[in-house]
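Undergrad: The following block contains the structure, expressed as structure tokens.
The values are calculated or read from the model by the stated rules, or taken from the named source; none is laboratory data. Keep in mind that this is a model prediction, so the values were computed, not measured. Ideal geometry is used to build each Cβ from the backbone, glycine not excepted, and the neighbour counts take in all protein chains shown.
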Amino acid sequence: MHIHLHSPADETLFALTPAQWQAALARSGVDAAGLHATFGADDASFAAAMRTAEALICDPAVILRQRDGGDAPLAAPHLKLVLATSAGLDRLAPYGWLPKGATLMNNRGTHGAKASEFALMALLMLASGIPAMVSDQRAGRWQKRWGHVLAGRHLVVIGLGTLGGGAAALAARHGMVITGVRANPAPHPACARVVATAALDSVLPEADMLLIACPLTPATRGLISRARLALLPRGAGVVNIGRGPVLDQDALCDALESGQLSGAVLDVFDPEPIPPGHRLWQVPNLIISPHTSADDPETYNAISLDIFLANLAAWRAGQALPNRFDPARGY
């Protein structure tokens, strides 16, 4: 089986390497007999590899560069498996570039540990008033601000997948009372209760803090609207590690400027990068992280390759692929 690993031409920190591939093979226990891996980082090597490749592992940016308007399938007649090294693949829509018969996978699971720790850090920052302290520092203003512990505070988490579920588990260890919100309101061990997305409006008025950790889908785009932000109690805080378009940014800025919200920590935005002069750069009580909350360069590729090989083993055994991405659902 020909497996091609392709990195963006300008990538250095997250480039896929033969050493990483060999280490993943050694960890996996997968029978490497018949597996042939190639590596590339330019258009010529991509085109050459796609003539015979049966599996492709790459950053979504590689697919964005190679697709033709989103409608024409990649020229890869033998391609059966595609692992895009991202959990959210919304930017790859529409999915007409995927060759017929090929299965698209994401690397869901890669981001859990890092994103969960970032989310906990953000919640602690909100509890201690760090966003307001940063605004004070920027203004050269000495003002004492008193924080509080997380224990007993009510956290609403939207999305209980790898990101939201992991963050909820860490928050629960610090004594937070957690309400989870997801499409299927099945119980979650870290949550005191879980409600369906349709019941979101009923739980927002109880939230001391709101954590957005859901993927971007047609159902979640604009989910946290101006009206829903207004349902949060005065002084609540907001964290977004999901996707920028889930949240009404202008409404958030207005709520921070008016004091309705005490602070926010955002890792994702619409658009990205944030343009120079955008009001987000100046709004008070906001911490900006440039979409780096979930990625650890020291572990990212290793975990992604482990995930690919686990899915390859399932595929060889005729089993369901754990990381299969459903374009219709958006995750």
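Undergrad: If Ala115 satisfies every condition in (1) of a type outside the set (S, T, N, Q); (2) more than 30 Å from Pro327 (Cβ to Cβ); (3) buried (at least 22 other Cβ atoms within 10 Å of the Cβ); (4) in contact with a helix residue (DSSP H, G or I) (Cβ under 7 Å, 6 or more places away or on another chain) but one, which is the exception?
TA: Here Ala115 meets the rest and fails (2).
Undergrad: To continue, here is another question. Does Phe269 fit the bill of being over 21 Å from Asn240 (Cα atoms) and buried (at least 18 other Cβ atoms within 10 Å of the Cβ)? First the steps, then the outcome.
TA: Working: over 21 Å from Asn240 (Cα atoms): no; buried (at least 18 other Cβ atoms within 10 Å of the Cβ): yes.
No; evaluated as a whole, the condition is false for this residue.
Undergrad: Here is a further query. Output the residues belonging to region 108-137 that are part of a helix (DSSP H, G or I), farther than 15 Å from Leu150 by Cα and of a type in the set (Val, Ile, Thr).
TA: Val134
Undergrad: Looking at the structure I just gave you, is Arg51 touching an Asp or Glu at 6+ places or on another chain (Cβ under 8 Å), of a type in the set (Lys, Arg) and farther than 30 Å from Asn285 by Cα? Let's see the steps before the verdict.
TA: Working: touching an Asp or Glu at 6+ places or on another chain (Cβ under 8 Å): no; of a type in the set (Lys, Arg): yes; farther than 30 Å from Asn285 by Cα: yes.
The answer is no for Arg51.
Undergrad: Which of the following residues is farther than 18 Å from Leu89 by Cα, assigned by TED's automatic domain parsing to the domain that holds Gly237, crowded, with 21+ Cβ neighbours inside 10 Å and not hydroxyl-bearing (Ser, Thr, Tyr): Leu155, Leu163? Write out each step before concluding.
TA: Values: Leu163 fails: farther than 18 Å from Leu89 by Cα.
The match here is Leu155.
Undergrad: Just wondering, is there one or more residues in region 64-76 that are surrounded by 14 or more Cβ atoms within 10 Å (Cβ to Cβ) and more than 30 Å from Pro218 (Cβ to Cβ)?
TA: no
Undergrad: Output the residues belonging to region 162-190 that are free of Cβ contacts under 8 Å to residues at least 24 places away in the same chain and polar (S, T, N, Q).
TA: The answer is Asn184, and nothing else.
Undergrad: A follow-up question, please. Let me confirm something: among Ala227, Ala294, Ala264, which residue is surrounded by fewer than 17 Cβ atoms within 10 Å (Cβ to Cβ) and among the hydrophobic types (A, V, I, L, M, F, W, C)? Show your work before the answer.
TA: Numbers: Ala294 fails: surrounded by fewer than 17 Cβ atoms within 10 Å (Cβ to Cβ); Ala264 fails: surrounded by fewer than 17 Cβ atoms within 10 Å (Cβ to Cβ).
Residue meeting the stated conditions: Ala227.
Undergrad: Take Ala37 and tell me if it is closer than 19 Å to Ala302 by Cα and surrounded by 16 or more Cβ atoms within 10 Å (Cβ to Cβ).
TA: On the way: closer than 19 Å to Ala302 by Cα: yes; surrounded by 16 or more Cβ atoms within 10 Å (Cβ to Cβ): yes.
Yes.
Undergrad: Oh, and also: Tell me the helices (runs of 4 or more DSSP H) entirely within region 1-91 that contain at least 2 residues that are of a type in the set (A, V, I, L, M, F, W, C) and out of contact with any helix residue (DSSP H, G or I) (no Cβ under 8 Å at 6 or more places or on another chain).
TA: Values: elements: 18-28, 43-50, 60-66.
Filter on region 1-91 gives 18-28, 43-50.
Undergrad: Shifting gears a bit: Identify, please: which residue in region 214-232 is of a type in the set (Ser, Thr, Tyr) and under 14 Å from the mean Cα position of the chain (by Cα) and is, among those, nearest to Pro185 (Cα to Cα)?
TA: Thr220
Undergrad: Given the criteria out of contact with any His (no Cβ under 6 Å at 6 or more places or on another chain) and over 21 Å from Gln260 (Cα atoms), does Leu204 qualify?
TA: Values: out of contact with any His (no Cβ under 6 Å at 6 or more places or on another chain): yes; over 21 Å from Gln260 (Cα atoms): no.
Judged against the criteria, Leu204 is not a match.
Undergrad: To continue, here is another question. Hey, Arg279 hits all of (1) modelled with pLDDT of 95 or more; (2) surrounded by 17 or more Cβ atoms within 10 Å (Cβ to Cβ); (3) of a type outside the set (Phe, Trp, Tyr) but one; which does it fall short on?
TA: (2)
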